[in-house]
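Shown next, in structure tokens, is the structure this report addresses.
What follows draws every value from the coordinates through simple rules; no lab data is involved. Worth saying up front: this structure is predicted, and the values here are computed from it rather than measured. Cβ sites come from the backbone with ideal geometry, for glycine too, and all protein chains shown count toward neighbours.
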Amino acid sequence: MSDIATTAPASADELLTERELSKLHWRCRRGLLENDLFIQQFFKRFEPELKQRHAQGLAALMALADNDLLDLLLCRREPDETLASAEVNEVLSMLRLSGGTPALRA
């Protein structure tokens, strides 16, 4: 039998399972140490409360090139209209908060 669930998709507000968190950790491995540090702190701070919507936002951010992601994390730029969504903006805020970036913006 297939490993793929045949039920309706998970609600955006459902917490991630251990398996989903494990896959998300693997997907978030980056080539730049700076990005890895933000992501590591993000998981350290928010992992117990991560939901499906956070995974969607994080997946969109992880599709970016390392330097583009770093620019977003360091507030050098904001997501463009193709990337900007409620999920991406929420996760980006969480990543920035866990990396200490808001203090740099003052």
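Below is a table of values for the structure above.
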{"quantity": "More than 13 Å apart - percent of Cα-Cα pairs taken over the range 47-101", "calculated": "56"}
{"quantity": "Potential extension, Asp36-Ser22 segment - 0.36 nm per residue separation minus Cα distance", "calculated": "3.5 nm"}
{"quantity": "Net +/- balance of residues flanking Asp80 in space, Cβ distance below 12 Å, scoring K and R +1, D and E -1", "calculated": "-3"}
